[in-house]
Every structure is written in C-alpha cells, then in structure tokens.
Amino acid sequence: MTGASTTSSGAASVPVDDRDGRPGWGGVVRYVLRRIAGAIVSLFALTSLSFFLFRILPGDPVRAMAAETPIGAEQQEALRQQFGLDKPLWQQFVDYCVNLAQGDLGVSYQRNRPVTEIIADHLGATLLLAGTGTVIAAMLGLWLGSRAAWRYGSRFDRLQTGTAIAFWSVPTFWLGLILLSLLAAGIGPLPSLFPTGGMSSGGGGGPLATALDTAHHMVLPVATMVAVIYAQYLMIMRSSMLDERSSDYLVSARAKGLRDALVLRRHAIPNALLPTVTLIFLNLGQVVAGSILVETVFSWPGLGRAFYTALHVPDLPLVQGLFLFLSAAVIFMNLIADLIYPFLDPRVRS
C-alpha cells in the first residue's frame, strides 16, 4: 500500500509503501524527489518574478548614471545597447535565463563588476552579523519559552510573553534608530558608548584588536536583530511546551521521583524542540538574506545594504542577483527542513 498525508505542522509526511506501514526506500525517494521538484519550481517562479518586478521600477538606469557624469544622447544609446536594454523585454528575459543557467548573474551597471564577485565580497559581513543575531535569538527565545510554559500563568510567564510580543511588534528600523540615538550619539550627560555605524574603525592593530573592534561595532545591530526576532522562538517553544506539560510520560517521570528541573531538561524540552526545527531552518535561510533594514540603519557593509544602495540607481543586474540569491537561500533551507523533519519526528512518517 502506498500513501501520503500532511501533518498539522504543514510538513508532508513520507509515503509508506510496505505492509507494516513503515517508510520504504521507494517511498523515501519519491518524497525527496517531490520536495526537490517543488523547490525548483519555486526557484523558477522567483527568477521570473525578480526579472519582471524590477523592470517595472520607476527610473532609467542609464539616465541615473548620466546624472553623475553627464554624457550625450549617443553615448546613452550606446550604453543601452551595451547593457541589452534596447532589446524587447522577452528577449532580455531569455538572455537572462541563459546566462543564469551558466552561473552568470550579469555585470553591475554602477560598479562595473560581476554580480557574483560583489555578492562574495558582502556575504561574510552578512553571515557574521545575521548569524550571530540568529544564534543568540534562538538560544534566548528557546530558554525563555520553555521556562515561561513550565511556569504557565505566573508573573514570569506574563512578563516574558508581554515583553517579547512588544519587541516583536516594534519596527526594526525604529528600534535601531532609538538605540543609535541613546547609545551611539549620546544624549545630554549620557556619553556615546558604541560606534554609529560600519564594521570597523579602521585603526589597524593585530587580530585581537581587530576582532574586539568588530565586536564593538556589532553590539547595537545584533541587539536590534535579537530584540525583534527572539519572540518567534519564545512563542513557538512556549506553545509546544504547553502541549507537553500534561503528557503521561512527564507524570511518570515525576512519579519516579525525578526533580522538576530534570523532568524539564531531560524529557519535556527534547520533545518540545521538534516544532522549532522548521523555524530555525527558515531563519537560517534568512541569515544569508540578512536584514536590509538593520544593515542600512547601521551602515553595515553586508548584502542588505548593497541591495538598498542598488535600488537607488536602479542597478538591475545587482538587484536581481541579490534578490535571487537571498530567495534561493530561504528555499534551500526550507528544503533541508522538509527533508530532515520526517527523520526527526516519527509521527510525521506514520
């Protein structure tokens, strides 16, 4: 018998194809191929969307470049031919897909460099900033969420839940500007404690001094990211823990004489962590995507700031390349979550 179902968490279950209802290799292969095919379709849809979406943006890239360095009409027409902007839209799309299949994302109009090189230059800064923020937010949210649920209805639960929801509802750029005003610019007798932007002060020094300088510049942007996203982990972990609190195996563990802290750490938390797997992988995809608002507010030289500056021209190859790269990262991480989830949770396979 062969069958498939969808779980309440949204993840499709692995098809079962043997008489015992356990997943066989054929069913697993079909499941994996189906998820990969879905990711490829999503990627193609995003490729088409990114091409046509940015073509309808107001503004002429050639005129924008001519505004900085005045050139004649003939030179502007030559630039349009060089960039392929004089061709029909459908032909530009076909050329874009052909080049993309060869790993060529085009050449930036503004920087006159391959888009792949620009992405490689900015990727490290984004991974450092957003990766640090995501790890801290996940650890903080899971820890607070598990304890808030364990003390459901207490003052601690109400305080942590209310604080997390308040920060979650705050616009990221607004919170970043407030932190800049209070802790970077200084107000009245309050001195400036952190840099206003950038990744380093450029003073040189050894590796340790450089690392400390970078960490000093990361404090405010990381604090902004953590404050906004840790609530997602807290609320999901709290909800999952509330489902586990009344489970029979926890009653049995307490009846055996285990201390409450051991019941929480050894039995409740491992089972409650499963629903957070999808969220963690989705946020890992967004680590690559970075945070456009945070990087822009704090002038962090990552992918998000490069995307923001490219939109002003508009630098179409760079904007399209960054959009596609960031979207592909999310799709890839979502695919990994779909593939490993059935192996982490036996209920999905049943």
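The values are calculated or read from the model by the stated rules, or taken from the named source; none is laboratory data. Since we're looking at a predicted model, the values are computed, not measured. Here the Cβ positions follow ideal geometry from the backbone for every residue, glycine too, while neighbour counts run over all protein chains shown. Heavy atoms of the whole protein, side chains included, go into the accessibility calculation; ligands, DNA and RNA do not. Shrake-Rupley method; radii C 1.70, N 1.55, O 1.52, S 1.80 Å.
A few points about this structure:
- With the simple spin-label model, which puts each label point 7 Å out from Cα in the Cβ direction, the ILE40 to ASP60 separation comes to 4.1 nm.
- Counted charge near LEU89, where neighbours are those whose Cβ lies closer than 13 Å (Asp, Glu -1; Lys, Arg +1): 0
- The ellipsoid that matches the Cα gyration tensor of the stretch 170-328 has semi-axes, each √(5λ) in whole angstrom, of 40, 23, 15, with the longest given first.
- The calculated FRET efficiency for the pair ILE178 and VAL251, based on their C-beta separation and a Förster distance of 56 Å, comes to about 0.75.
- For the stretch 71-154, the extents of the C-alpha atoms along the principal axes are 73, 26, 26 Å, listed from largest to smallest.
- The residues of the stretch 267-341 expose on average 33 square angstrom of accessible surface per residue, using a 1.4 Å probe on protein heavy atoms.
- Summed residue charge, Cβ within 14 Å of PHE54's Cβ, Lys/Arg positive, Asp/Glu negative: -1
- Computed with a 1.4 Å probe over protein heavy atoms only, the accessible surface of the stretch 95-138 comes to 47 Å² per residue.
- Residues in the stretch 202-243 that a label on TYR152 would reach, taking backbone N under 17 Å of a point 7 Å out along Cα→Cβ: 234-243
- With only the Cα atoms considered, the stretch 104-217 has a convex hull volume of 202 Å³ per residue.
- Magnitude of the charge dipole for the stretch 118-256, about its Cα centre and with charges confined to Cβ atoms of Lys, Arg (+1) and Asp, Glu (-1), is about 640 debye.
- In the stretch 122-205, the portion of solvent-accessible area held by carbon and sulfur atoms comes to 71 percent [1.4 Å probe, whole percent, DNA, RNA and ligands not counted].
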